[in-house]
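Worksheet for the structure shown next.
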Amino acid sequence: MAELPEPELLRDPESYARLLEHVREAVLSGVPAPRSPRSVVSDSWQRSLAAHVDPDSGEAPMVCEPGEVSGLREEHPLAPLLPLLRQNLVSIAEDAEHMMIVTDAEGLVLWREGASGVLVRADRVALTEGTRWSEAAIGTNAMGTTLATGQPVQIYSAEHLVRRYHAWTCAAAPVRDPETGLLLGSIDVSGPLRTVHPAMLALVTATAQLAEGQLRARLAVRDEQVRRRNMRHLDALHGRPGALLSAGGRVLAAESCSLPSTVEVRRGGGTVTLPDGRIAVVDPLDDGFLLRLATSGPAHRRRLKLEYLADNPEITTVDGRPIPFTLRHAEILTLLALHPRGLSAERLALQLYGESGNPVTVRAEIHRLRTQLGTGVVQTRPYRLAADVDADFLRIRAALRRGSAAEAVEAFRGPLLPESEAPAILEEREALTAQVRQLALNSPDPAVLWSFWETSSGSDDHEVLAALCARLPADDPRLAAARTHRNRLG
């Protein structure tokens with residue numbers, strides 16, 4: 001089925017809106033549609049529905065009172081750029097009966113300016129400061145979808161998942177922090193469908209690029225200020241290897257050493273391990289850090305321990321230090337451990353989320369994971385583990401390769417990350433469980449079979465119970481327990 005082309009909108013917006021309505025109704029009803037929605041829209045609908053957004057009665061939630069919004073505006077990195085945004089967008093938006101909207105990275109509307117008539121209409125549909133317009137909050141819309149994908153996007157009429165916004169069209173582009181690469185928010189122009197203009201998306205995209213250029217210029221000024229203020233600390237090393245770092249860990253100046261462009265540092269500084277194994281000490285300075293190389297030789301690799309084969313996995317340690325972890329971070333560490341040569345953001349997104357995976361989401365998760373684990377554990381380009389990994393699922397893989405049933409079953413305490421729904425984790429979990437089960441069934445040693453039966457994966461397995469009852473000696477007290485459980489299962 002052919003995908004809806006955008007040019008149809010430009011020739012006849014009202015007819016195109018009616019076609020979009022038919023397509024939306026067909027897709028939501030599960031019946032054949034006259035055309036396929038654009039892939040960016042189809043993917044967004046799926047994410048929105050998975051977040052339980054109501055297509056017929058949803059409304060953007062009000063999450064901040066006016067006083068709270070004012071405080072958030074003052075602290076937001078895009079606040080100094082408002083004059084630039086007004087100059088490029090507001091006058092044009094007013095002439096076109098549209099309005100400019102600026103959100104934060106979570107889709108919270110911080111600023112809204114434009115034609116008074118459009119602002120009044122927007123008030124009626126909760127398109128105002130303090131409301132959240134992420135996909136998870138209100139479904140497909142330009143602001144939420146550009147934040148979800150990291151790409152500029154225009155959403156027309158019934159491409160909005162929620163019905164009450166079908167009379168609107170919007171174009172938005174993301175703005176990123178030039179230092180971290182993370183999303184700061186989105187810039188949007190919204191208005192009635194009848195006033196849509198073909199150049200609106202290009203205008204918003206160009207304005208977002210100008211905003212990022214301004215942020216880079218401001219960053220360069222700050223970098224130079226930090227260099228001038230702190231260069232004396234680097235000079236005080238008297239030629240010993242070291243560097244000045246920005247507050248975000250970027251190398252601003254180096255002495256007698258080669259370093260990556262960015263060093264992962266904690267807020268309070270401390271000892272860090274560089275990607276090549278060298279050890280460095282990082283001292284906090286005014287708006288930055290001083291890095292001193294403690295040794296020019298290779299350091300011992302970090303030790304990462306993962307114990308994820310259990311009904312309630314709870315162990316992740318770095319050099320023996322327990323690390324709190326989320327399920328998503330455990331999934332990422334598992335996949336990187338299974339792929340020692342590394343994975344790209346795109347490949348990791350596919351393994352974590354399937355075809356709907358977004359590399360932007362993965363990059364943000366990796367950034368949080370590296371911050372939590374410290375430096376020297378997760379490397380980039382591609383993403384990979386730079387540590388000695390001791391993982392229970394890797395030990396079982398090794399035992400399976402050797403055909404060692406006793407060793408494999410002993411290490412198997414339960415399914416791999418049982419709460420995970422990531423496609424690659426699900427596949428690995430099923431494969432490991434099936435192989436350990438078969439090895440236990442093939443083992444002549446009833447103790448091996450008993451060990452597997454004691455796990456949640458084997459406790460209610462009829463074939464395992466039958467084999468156990470057949471192999472246990474008649475005088476073995478475990479036989480009665482196995483028979484009793486088998487009879488209970490029926």
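The values are calculated or read from the model by the stated rules, or taken from the named source; none is laboratory data. Fair warning: this is a prediction, and the values are worked out from it, not measured in the lab. Reconstructed Cβ throughout: ideal geometry from the backbone, glycine too, with neighbour counts over all protein chains shown. In case anyone asks, the SASA skips ligands and DNA or RNA and just uses the protein heavy atoms, side chains included. Shrake-Rupley method; radii C 1.70, N 1.55, O 1.52, S 1.80 Å.
Based on this model, can you work out whether residue 319 counts as under 30 Å from residue 335 (Cβ atoms) and of a type in the set (Asp, Glu)? Walk me through how you get there before you give the answer.
On the way: under 30 Å from residue 335 (Cβ atoms): yes; of a type in the set (Asp, Glu): yes.
Yes, satisfied.
Please state which of the following conditions residue 186 fails to meet, knowing it meets all the rest: (1) assigned to a strand (DSSP E or B); (2) touching a Lys or Arg at 6+ places or on another chain (Cβ under 9 Å).
It fails just one condition, (2).
Do you know which residues across region 452-467 are within 26 Å of residue 313 (Cβ to Cβ) and touching a Pro at 6+ places or on another chain (Cβ under 9 Å)?
455, 456, 457 - these are the residues of region 452-467 that are within 26 Å of residue 313 (Cβ to Cβ) and touching a Pro at 6+ places or on another chain (Cβ under 9 Å).
Looking at region 122-147, which of the residues that are assigned to a helix (DSSP H, G or I) and of a type outside the set (A, V, I, L, M) is nearest to residue 50 (Cα to Cα)? So that I can check it myself, show each step before the final result.
Here is the first cut: in region 122-147, the ones assigned to a helix (DSSP H, G or I) are 122-124, 135-138, 142-147.
If we keep only those that are of a type outside the set (A, V, I, L, M) as well, we get 123-124, 135, 144-146.
Working: 123: 27, 124: 27, 135: 10, 144: 15, 145: 14, 146: 18 Å.
Among those that are assigned to a helix (DSSP H, G or I) and of a type outside the set (A, V, I, L, M), it is 135.
Going through region 354-373 one residue at a time, which ones are farther than 26 Å from residue 319 by Cβ and touching a strand residue (DSSP E or B) at 6+ places or on another chain (Cβ under 8 Å)? Reasoning before the result, please.
The initial filter retains those residues of region 354-373 that are farther than 26 Å from residue 319 by Cβ, namely 354-361.
360, the sole residue that qualifies.
Quick check on my filter: what residues within region 48-87 are part of a loop (DSSP other than H, G, I, E, B) and among the hydroxyl-bearing types (Ser, Thr, Tyr)? Quick ask: steps written out before the conclusion?
Applying the first criterion (part of a loop (DSSP other than H, G, I, E, B)) to region 48-87 yields 51-61, 63-65, 76-78.
Of everything in region 48-87, just one residue is part of a loop (DSSP other than H, G, I, E, B) and among the hydroxyl-bearing types (Ser, Thr, Tyr), namely 57.
Residues of region 253-273 being surrounded by 17 or more Cβ atoms within 10 Å (Cβ to Cβ), modelled with pLDDT of 85 or more and not in a strand (DSSP E or B), which ones?
Once the filter is applied, which keeps residues that are surrounded by 17 or more Cβ atoms within 10 Å (Cβ to Cβ), modelled with pLDDT of 85 or more and not in a strand (DSSP E or B), region 253-273 yields 263, 264, 265.
Could you please give the count of residues in region 55-66 that are open to solvent by less than 70 Å² (accessible area, probe 1.4 Å) and either modelled with pLDDT of 90 or more or within 13 Å of residue 110 (Cβ to Cβ) (or both)?
Let us first name the residues in region 55-66 that are open to solvent by less than 70 Å² (accessible area, probe 1.4 Å), namely 55, 58, 60-61, 63-64.
Checking the rest, the ones that are also either modelled with pLDDT of 90 or more or within 13 Å of residue 110 (Cβ to Cβ) (or both) come to 55, 60-61, 63-64.
Total meeting the criteria: 5.
Could you pull out the residue among 424, 406, 434, 440 that is out of contact with any Phe, Trp or Tyr (no Cβ under 9 Å at 6 or more places or on another chain), under 15 Å from residue 461 (Cα atoms) and either free of Cβ contacts under 8 Å to residues at least 12 places away in the same chain or part of a helix (DSSP H, G or I) (or both)? Lay out the reasoning, then the answer.
Numbers: 424 fails: under 15 Å from residue 461 (Cα atoms); 406 fails: under 15 Å from residue 461 (Cα atoms); 440 fails: out of contact with any Phe, Trp or Tyr (no Cβ under 9 Å at 6 or more places or on another chain).
Exactly one residue qualifies, and that residue is 434.
From the list 171, 142, which residue is crowded, with 20+ Cβ neighbours inside 10 Å and in contact with a helix residue (DSSP H, G or I) (Cβ under 6 Å, 6 or more places away or on another chain)?
Numbers: 142 fails: in contact with a helix residue (DSSP H, G or I) (Cβ under 6 Å, 6 or more places away or on another chain).
Selected residue: 171, the only one of 171, 142 that is crowded, with 20+ Cβ neighbours inside 10 Å and in contact with a helix residue (DSSP H, G or I) (Cβ under 6 Å, 6 or more places away or on another chain).
Suppose the filter is surrounded by fewer than 20 Cβ atoms within 10 Å (Cβ to Cβ), part of a helix (DSSP H, G or I) and not charged (D, E, K, R); does residue 211 pass it?
Details: surrounded by fewer than 20 Cβ atoms within 10 Å (Cβ to Cβ): no; part of a helix (DSSP H, G or I): yes; not charged (D, E, K, R): yes.
Judged against the criteria, residue 211 is not a match.
Give the residue, chosen from 439, 465, that is over 27 Å from the mean Cα position of the chain (by Cα), farther than 26 Å from residue 358 by Cα and open to solvent by 10 Å² or more (accessible area, probe 1.4 Å). So that I can check it myself, show each step before the final result.
Details: 465 fails: open to solvent by 10 Å² or more (accessible area, probe 1.4 Å).
Within the list 439, 465, the selection yields 439.
Is at least one residue of region 284-304 touching a residue at least 60 places away in the same chain (Cβ under 8 Å), assigned to a helix (DSSP H, G or I) and open to solvent by 60 Å² or more (accessible area, probe 1.4 Å)?
No, region 284-304 contains no residue that is touching a residue at least 60 places away in the same chain (Cβ under 8 Å), assigned to a helix (DSSP H, G or I) and open to solvent by 60 Å² or more (accessible area, probe 1.4 Å).
Residues to consider are 417, 489; find the one that is of a type in the set (A, V, I, L, M) and at negative phi. Spell out how you get there, then give the answer.
Details: 417 fails: at negative phi.
Among 417, 489, only 489 is of a type in the set (A, V, I, L, M) and at negative phi.
Just checking, which of 102, 90 is in a helix (DSSP H, G or I), touching a Gly at 6+ places or on another chain (Cβ under 8 Å) and closer than 22 Å to residue 214 by Cβ?
Working: 102 fails: in a helix (DSSP H, G or I).
Matching residue, one of 102, 90: 90.
Which ranges mark the helices (runs of 4 or more DSSP H) fully within region 446-490 that have 1 or more residues being closer than 19 Å to residue 408 by Cα? Steps first, please.
Numbers: elements: 446-453, 462-471, 477-489.
Qualifying helices (runs of 4 or more DSSP H): 446-453, 462-471.
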